[in-house]
């Protein structure tokens, strides 16, 4: 059975992933990147950072799989 905990343990045990890649993956699994809703909650000039200039709200799925 694949769980988030099992995925994370296999990432930590990896001998080929760099520290930066492990940090990136940890942030993906824990939704810790400053994208989309992080910015759109702000009521100032930074709110626009949460939106993709090509289509919609920035999400990690959108950034990795949809955005040109």
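The values are calculated or read from the model by the stated rules, or taken from the named source; none is laboratory data. Since the structure is predicted, the reported quantities are computational estimates derived from the model, not experimental observations. Neighbour counts are summed over all protein chains in view; Cβ atoms, including those assigned to glycine, are modelled from backbone coordinates with ideal geometry.
Residue by residue through region 45-68, note down the ones that are surrounded by 13 or more Cβ atoms within 10 Å (Cβ to Cβ) and either under 14 Å from the mean Cα position of the chain (by Cα) or not in a helix (DSSP H, G or I) (or both).
Within region 45-68, 50, 51, 52, 57, 58, 59, 60, 62, 63, 67 meet the criteria.
Looking at region 12-29, can you tell me whether even one residue there is on the phi < 0 side of the Ramachandran plot, at pLDDT below 85 and within 15 Å of the chain's Cα centre (by Cα)?
yes
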